[in-house]
Amino acid sequence: MGMDPDSPEPSGGLKIPKLPDLKIPKLAVDRRKALTAAGVAVAAIAVLLVGGVLAMSYTEGQQVAAFESHVAASEADIFLVYDKISAHIRTPTNDLSVAECDAHARELAAIARYGRDVTAYHRQIVAADAVPEAYAGAQSAYVRALDNLNRAFTLWSSAAGAYEMHDYFAANRNIGEADSAWRAYAAAITDYDRELRAAEEGAEVPPA
């Protein structure tokens with residue numbers, strides 16, 4: 001049995017349906033719906049922006065907290081070392097024997113080397129901290145303070161070594177330079193305190 005081209009029907013009697021005419025519907029969005037949709041979009045963007053600001057603020061808060069924690073740990077260790085070395089330097093040596101003076105110098109060298117290692121360790125940590133721009137000045141000042149203190153400890157160690165070699169002129173010179181490095185450390189700490197206050201208050205750093 002053949003198929004009538006005008007009325008296609010296979011031999012099984014099933015008719016192949018014709019495709020209906022496809023009509024593209026008109027887009028009819030009223031003004032209120034359009035404004036509502038636009039408002040939702042703006043609100044969504046605003047939420048994203050606020051969320052981004054809050055996330056940035058939270059991240060900066062974490063950075064500041066980490067930086068201040070590292071500074072606090074540094075100061076705690078430095079105070080312990082400084083207490084030891086300052087007490088050692090203030091100890092009278094006039095009544096000590098030669099052997100006791102040598103032992104005193106070796107102990108000074110050991111404390112100074114330890115102080116040098118401590119300051120180098122904390123300097124590496126503090127310098128690596130990512131801080132908000134407002135705290136960059138405080139970070140720079142504290143790193144400078146640690147550099148000066150590290151130099152002071154290095155010079156105290158050198159002074160002790162010079163004493164052991166009976167080079168008393170070099171020993172005294174190194175002690176004097178260590179004192180200068182200590183004063184530079186104290187000045188940098190003053191700068192750090194000033195920079196930190198300005199960062200916390202959101203103000204410009206006052207002149208030194």
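For GLU100, what charge total do you get from the other residues with a beta carbon under 14 Å from its beta carbon, if Lys and Arg give +1 and Asp and Glu give -1? Result for the neighbourhood of GLU100: -3. In plain terms, the bigger the Kirkwood radius, the slower the diffusion; for the range 66-201, with that radius from Cα pairs, at 20 °C and 1.002 mPa s, Stokes-Einstein puts D at 136 µm²/s.
One compactness figure for the range 135-208 is 1.44, namely its Cα radius of gyration divided by 2.2 N^0.38 Å.
When peptides 77-86, 145-154, 92-101 are sorted by average Cβ neighbour count within 10 Å, with the highest value leading, the order is 145-154, 77-86, 92-101. Once Rg and the Kirkwood radius are both taken over the C-alpha atoms of the range 80-147, their ratio Rg/Rh works out to 1.21.
Bear in mind that the values in this text are calculations on the coordinates, not laboratory data. What you are looking at is a predicted structure, and each value in this text was computed from that prediction instead of being measured. Neighbour counts run over all protein chains shown; Cβ positions are idealised from the backbone, glycine included.
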